Amino acid sequence: MMKVANLLVAFALLALASSFVTAYDPSPLQDFCVGINDADAALLVNGKFCKNPSFATIDDFTYSGLNVPGNTSNQLRAHVNIITADLMPGLNTLGISLARIDFEPNGGLNPPHYHPRGSEVLLVLEGTLYAGFVTSNPDHRLFSKILKPGDLIVFPFGLIHFQLNIGKTPAVAIAALTSQNPGVNTVANAIFGANWPINPEVLVTAFHLDRKLVEDLQTQDWVNPT
């Protein structure tokens with residue numbers, strides 16, 4: 001009887017592990033899979049529609065314009081230009097993406113956010129950034145550092161992180177992510193800008209805030225730095 005119980009536990013653990021594995025971008029089973037929306041001109045490979053390899057061109061694997069500064073004239077005074085498989089179809093199934101982040105001087109902010117499907121490594125090209133991440137429950141440890149050109153920082157999978165330009169000049173950073181579509185969930189936007197709004201009582205209790213302040217925050221325009 002004990003052997004049967006142990007076997008059932010082993011199967012349960014295997015099923016759980018399998019569900020974790022499928023949460024990551026799948027490993028490609030071919031050289032490439034250029035994403036395409038036209039099913040009539042595509043092959044079904046790895047569960048996705050891919051352009052017939054015979055029709056692929058170098059344009060599917062290149063992107064121009066990452067040298068162009070983003071428009072930072074917004075509330076956050078920052079702009080993120082992320083290159084995913086939507087903009088560069090050749091990234092499809094490769095499990096990688098890239099972003100350029102521009103910050104205005106004296107306070108340009110990429111606000112606290114997390115990527116539900118990828119880790120991130122960030123390289124500072126220009127300026128001075130204060131950057132960091134916070135660990136999950138129960139510790140909530142803050143790891144942060146002031147970064148200058150040439151400095152790198154890694155943000156582990158799924159953890160809340162941020163970057164703030166504390167310098168008097170514009171800042172530029174390049175981020176590489178371990179997913180072709182890492183996604184982004186900006187914390188303040190998700191909490192106070194949810195559609196439909198979250199019941200204020202939830203936020204009053206969770207954040208130890210006055211109800212009127214919560215209601216005021218929920219009426220604000222929560223912008224993304226993209």
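Once R0 is set to 30 Å, what does the formula 1/(1 + (r/R0)^6) return for the Cβ-Cβ distance between I174 and W222, expressed as a FRET efficiency to the nearest 0.05? Taking R0 as 30 Å, the efficiency between I174 and W222 is 0.70. Surface composition of the stretch 162-213: carbon and sulfur atoms hold 65% of the protein heavy-atom accessible area at a 1.4 Å probe. Modelled spin-label separation between L152 and L123, with each label point placed 7 Å from Cα along the Cα-to-Cβ direction: 0.8 nm.
Peptide packing for 95-105, 150-160 was compared via the average number of neighbouring C-beta atoms within 10 Å per residue; ordered from the highest value, the list is 95-105, 150-160. Could you compute the FRET efficiency for V187 and T57, with r as their C-beta to C-beta distance and R0 at 35 Å, rounded to 0.05? Given R0 = 35 Å and the Cβ-Cβ separation, E is 0.30.
In Å², and per residue, what accessible area does the stretch 162-219 have when probed at 1.4 Å with the other protein chains present? Display every interim value, and only then the final one.
Details: 3250 Å² over 58 residues.
In whole numbers, the stretch 162-219 has 56 Å² accessible per residue.
In this simple spin-label model, placing a label point 7 Å from the Cα along the Cα-to-Cβ direction at both I198 and V68 gives a separation of 3.7 nm.
Once the piece of chain linking L142 and L87 is laid out straight, how much longer is it, given 0.36 nm per residue of separation minus the C-alpha distance between them? The partial results should precede the final answer.
Working: separation 55, 0.36 × 55 = 19.80 nm, distance 3.36 nm.
Taking 0.36 nm per residue and subtracting the Cα distance, the gain is 16.4 nm.
The values are calculated or read from the model by the stated rules, or taken from the named source; none is laboratory data. Computed from a predicted structure; not experimentally measured. Note that we place each Cβ from the backbone using ideal geometry, even for glycine, and neighbour counts take in every protein chain shown. For the accessible areas, the whole protein counts, side chains as well, though only heavy atoms, and no ligand, DNA or RNA atoms are used. Shrake-Rupley method; radii C 1.70, N 1.55, O 1.52, S 1.80 Å.
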